[in-house]
1. Determine, yes or no, whether ALA34 is at pLDDT 75 or above, in the same structural domain as GLU74 (by TED's automatic domain parsing) and within 22 Å of ASN219 (Cα to Cα).
2. Picking from ALA174, ALA258, ALA192, which residue would you name as being modelled with pLDDT of 80 or more, of a type in the set (A, V, I, L, M, F, W, C) and either surrounded by 13 or more Cβ atoms within 10 Å (Cβ to Cβ) or farther than 21 Å from VAL141 by Cα (or both)?
3. Check region 98-114 and report whether any residue there is over 30 Å from ILE241 (Cβ atoms) and in a helix (DSSP H, G or I).
4. Could you please find all residues in region 33-78 being among the small types (Gly, Ala, Ser) and in a loop (DSSP other than H, G, I, E, B)?
5. Any residue at all in region 195-210 that is at pLDDT 80 or above, farther than 30 Å from GLY148 by Cα and of a type outside the set (A, V, I, L, M)?
6. Looking only at residues in region 218-255 that are at pLDDT 80 or above and of a type in the set (Val, Ile, Thr), which one is surrounded by the most Cβ atoms within 10 Å (Cβ to Cβ)?
Amino acid sequence: LDVRASGIVAGDYNKGYATSDGLVMDLQALKELAAKVDPAAAKKATAYDQVLVKAADLKSVPEVESQIKALGYETSSYEDMRKSLEEQSRAIQLILGGIGAVSLLVAAIGIANTMVMSVTERTREIGIMKALGCYVRDIRVMFLAEAGAIGFFGGSIGCVLSGLISLGINVVGALYAGGMSGGMSGGMVSGAGGGSGDGTGGGTSIWTILWQAIVGGENVTRYSVIPWWLFLFAVLFSTLIGLLFGFGPANKAVKIPALDAIKNNE
């Protein structure tokens, strides 16, 4: 039989493999076509092995799935896969969070040690400032500002390094995925043409890859994603840690008697 195609639909595996590897037909037209091929088969009741249900949005998937299960049917959805991936991601986040907590503790001890050494080395300077009439609160603020600056710049440098590492991971992943897909397509159309000459082998410029690695895009996989608020939180938190662990040395500095501080030769 001759079948005339009325159009081509975009492939969408969420709607079934038929959109990419098969035909999509009106049910009544399919029955009429089957009756022409086999009239006996057309009289039989139609049985379905599976039904594809598309929810209005992702949040309503669990509710729709529970209603289908209440009818006695088994269900399978990407929601189960998503929950499994979330559990794995949560475990990885806990491990990385523990490593980050240890690093934070070490950094806090380093800030406190730096501030203690700073107070010890500048004891004579503190005494001179007191002798000149500097207010105690000004000396305290000076040391707290120094501790806060250490935490702020340390957190900023850490954010820049982590951002560059994350960008590098995404770029390498994009280049590797592009090389794999280019190699597969190149094997299928061997001899069809030369390379693109831009170093990517797939016609995509390195600037496009960098942009996609930063902001993502349609059909773009980013292996490392750091939200903007996490950078802000890291800088603020590191500054707070600096102030917190610098308060003790700063308070110690203002309690040194001016005469004792001036006599100190260290």
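The values are calculated or read from the model by the stated rules, or taken from the named source; none is laboratory data. Treat the numbers as computed from the prediction; the structure is a model and nothing was measured. So basically every Cβ, Gly included, is an ideal-geometry build from the backbone, and we count neighbours across all protein chains shown.
1. Details: at pLDDT 75 or above: yes; in the same structural domain as GLU74 (by TED's automatic domain parsing): yes; within 22 Å of ASN219 (Cα to Cα): no.
Answer is no for this residue.
2. Values: ALA258 fails: modelled with pLDDT of 80 or more; ALA192 fails: modelled with pLDDT of 80 or more.
Checking each option against the conditions leaves just ALA174.
3. Taking region 98-114 and keeping what is over 30 Å from ILE241 (Cβ atoms), we get none.
No; the residues of region 98-114 include none that is over 30 Å from ILE241 (Cβ atoms) and in a helix (DSSP H, G or I).
4. Initially, region 33-78 is screened for residues among the small types (Gly, Ala, Ser), giving 34-35, 40-42, 45, 47, 55-56, 60, 66, 70, 72, 76-77.
Within region 33-78, ALA45, ALA47, ALA55, ALA56, GLY72, SER76, SER77 qualify.
5. Kept after step one, since they are at pLDDT 80 or above, are these residues of region 195-210: 206-210.
Right, trim to farther than 30 Å from GLY148 by Cα and you get 206-210.
If we keep only those that are of a type outside the set (A, V, I, L, M) as well, we get 207-208.
There is at least one residue in region 195-210 that is at pLDDT 80 or above, farther than 30 Å from GLY148 by Cα and of a type outside the set (A, V, I, L, M).
6. ILE241
To keep it simple, each residue is scored yes or no on (1) free of Cβ contacts under 8 Å to residues at least 12 places away in the same chain; (2) of a type in the set (A, V, I, L, M).
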{"position": "ALA131", "(1), (2)": "no, yes"}
{"position": "GLY148", "(1), (2)": "no, no"}
{"position": "GLY155", "(1), (2)": "no, no"}
{"position": "GLY158", "(1), (2)": "no, no"}
{"position": "ASN170", "(1), (2)": "no, no"}
{"position": "GLY173", "(1), (2)": "no, no"}
{"position": "TYR176", "(1), (2)": "yes, no"}
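Yes or no, residue by residue, for (1) at pLDDT 80 or above; (2) not assigned by TED's automatic domain parsing to the domain that holds ALA234:
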position	(1), (2)
GLU74	yes, yes
LEU85	yes, yes
LEU104	no, no
THR114	no, no
ARG124	no, no
TYR135	yes, no
ARG140	yes, no
LEU144	yes, no
